[in-house]
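Inspection log for the structure reproduced underneath, given as structure tokens.
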Amino acid sequence: MGQNLILNMNDKGFTVVAYNRTTSKVDSFLANEAKGTKVQGAHSIQELCAKLKTPRKIVLLVKAGPAVDSFIDQLIPYLEAGDIIIDGGNSHYPDSIRRTAELESKGFLFVGSGVSGGEEGARYGPSLMPGGSPAAWPHIKPIFQAAAAQVEGEPCCDWVGETGAGHYVKMVHNGIEYGDMQLIAEAYDILKRGLGLPESEIADIFLTWNKGVLDSFLIDITANILKFNDDDGQPMVTKILDAAGQKGTGKWTAIAALDAGMPVTLIGEAVFARCLSSIKAERVRASKVISGPQKEEFKGDKKQFIDDLEQALYASKIISYAQGFMLMRETAKEQKWNLNYAGIARMWRGGCIIKSVFLGDITSAYTKTSDLESLLFDDFFNKAVHKAQPGWRRIIAQAVLWGIPTPAFSTALAFFDGYRSEVVPANILQAQRDYFGAHTFRVVPGKENAKLKAGEDIHINWTGRGGNVSASTYSA
Ligand code: 6PG
């Protein structure tokens, strides 16, 4: 990825110095991929820093965690005030908050930048999400915006915000990526195990969807994956072990959502679906002793079913992004980041793993209303989700009858039904909490009486055996 980003920046007219602690890699890069370019090499950190113009702009692409701190420590002796260290790895945003403060206190500038798009994105235009020390932005803006993917003449890169905002937004991007991937996997499962379609036909369905509202990189690559056969003519995917890996950025998003008290359920389910997949041996044992419904052949209208599935995927995706943006809004409040949501959607329209036409619609929604409470309040998405609703419900109902798990589709619909409910059964939870632990409750305005007052924390003695003293309130 680092080599590709260097070549990309070189193409845009910038002179880049390449450094790797395994110096033979630098030599090999200069002799091969970078041959004939203006790229220079360095065999030591000292040489790297000596070759750079001030303020130095140093991009680190190393494994998230202690490796970043160790690299920064090695750089510092060779830097001058005002130099800029840019961490382009998948760092956890609290680390970027800390690094911004530490480096600024030493007179340097720090940028934690999300970089998405994999190796190809790095070479031909990634989505770049920089945040950190605002004073660094004017220096790196021309380079970053030139290297980034361009959509309709606009770069998929803009300043995200202070301290850890860039890495935070990249983390949410990755969480959404987990959700999109899980939704596609569930659609595949329904088509394969439910309708009994072969991979080649499923690929054709995905290719058709890729011309409509689901037009996206992930649908496109999944169609290509499904068409890819091994030497014996069997679809390669049928040979891949069904145990998903993960590096943790989806988990970070889910944890951040729990910490912020935001119902980002789809990303959570997507992470758990990977966890369930990875306990393969246990699932194999369970499959021998726990049976589900008898497999019944689908007798309905296949075309209608496939259209419903497209709508179910679309509606669930709308919910997932609505949840992701809710999370960013809440954290922005807490961290005092002034996030530009239209700008974030614009950065994600191209270059990154979740790039899609859909993100253009999100850009429009936030351009129209910058403080939009939820995507579901936007006319376009409100209409889309209403239109999708009947098919979405039919798909989940059928999957339940078949015994095919749809954690992401189902949680999206459950969120939708909860979100649009003026009344949810939390009154029961509150009563239970007060009954067993004197945790208090509040009354619905209009239901007050002499003892029950709206706005007051009330405890009642439900059994006559409990006391009248209520517990204090705290968050663990
Ligand atoms: C990107 C990706 C990338 C991520 C991989 C692997 O935006 O280019 O998000 O940063 O590391 O997709 O993630 P998992 O191993 O957790 O699936």
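Nothing in this text is a laboratory measurement; each read-out follows from the coordinates by a stated rule. In this text, all values refer to a predicted model and were calculated from it rather than measured experimentally. When we count neighbours, we look across all protein chains shown, and the Cβ atoms used for this are built from the backbone with ideal geometry, even at glycine.
List of remarks:
- Mean Cα-pair separation over length for the chain, i.e. relative contact order, pairs under 8 Å, 6 or more apart, %: 13
- For the chain, the longest principal axis of the C-alpha atoms and the axis of helix 93-105 are separated by about 40°.
- Cross-link partners of residue 63 among aspartates and glutamates, defined as those whose alpha carbon lies under 12 angstrom from its own and excluding same-chain residues fewer than eight positions apart: 87.
- Antiparallel content of DSSP bridges confined to the chain, in %, to 5: 45
- Computed from the C-beta positions of residue 15 and residue 460, the FRET efficiency with R₀ = 60 Å rounds to 0.20.
- Taking other C-beta atoms within 10 Å as the exposure proxy, 444, 26, 237 rank 444, 237, 26 from fewest upward.
- Spin-label pair residue 400/residue 76, simplified geometry with 7 Å Cα→Cβ offset, distance in nm: 5.8
- C-alpha long axis of helix 165-189 to longest principal axis of the chain, angle in °: 60
- Computed label-point distance, nm, for sites residue 152 and residue 284 using a 7 Å Cα→Cβ extension: 5.1
- Global geometry of the range 260-399, whether rounded, prolate or oblate, following the gyration tensor of its Cα atoms and the 1.5 cut on a/c: oblate
- Average silhouette area of the chain, convex hull of alpha-carbon atoms, in square nanometres: 29.6
- Gyration tensor verdict on the range 430-476 (Cα atoms; rounded if a/c is under 1.5, prolate if a/b is larger than b/c, oblate otherwise): oblate
- Ellipticity estimate at 222 nm from DSSP helix runs (n ≥ 4, -39,500 (n - 2.57)) divided over the chain, nearest 500: -17000 deg cm²/dmol
- Translational diffusion of the range 1-122, µm² s⁻¹ [Kirkwood Rh, Cα pairs; Stokes-Einstein; 25 °C; 0.890 mPa s]: 165
- Going from the fewest other Cβ atoms within 10 Å to the most, the residues 402, 348, 209 appear in the order 402, 209, 348.
- With the simple model of a label 7 Å out from the Cα in the direction of the Cβ, residue 54 to residue 105 spans 2.4 nm.
- For the set 280/387; 280/302; 251/333; 12/35; 247/303; 12/368, the pairs lying more than 26 angstrom apart at their alpha carbons are 280/387; 280/302; 247/303; 12/368.
- Over the range 217-265, the hull volume per residue, using the convex hull of the C-alpha atoms, is 111 Å³.
- Relative to the longest principal axis of the Cα atoms of the chain, the long axis of helix 217-227 makes an angle of roughly 90 degrees.
- Euclidean distance of C-alpha centroids, the range 413-429 and the range 276-318, integer Å: 25
- log10 of Debye I(q)/I(0), alpha-carbon scatterers only, for the range 209-321 at 0.12, 0.23 Å⁻¹: -0.70, -1.26
- Taking the number of Cβ atoms within 10 Å of each Cβ as an exposure proxy, the fewest-first ranking of 413, 30 is 30, 413.
- Zone of residue 364's modelled label, taken as backbone nitrogen in the range 200-237 under 20 Å from a point 7 Å along Cα→Cβ: 209-217
- Partner lysines for residue 106 [C-alpha distance under 21 Å; skip if fewer than 8 residues away on the same chain]: 53, 57
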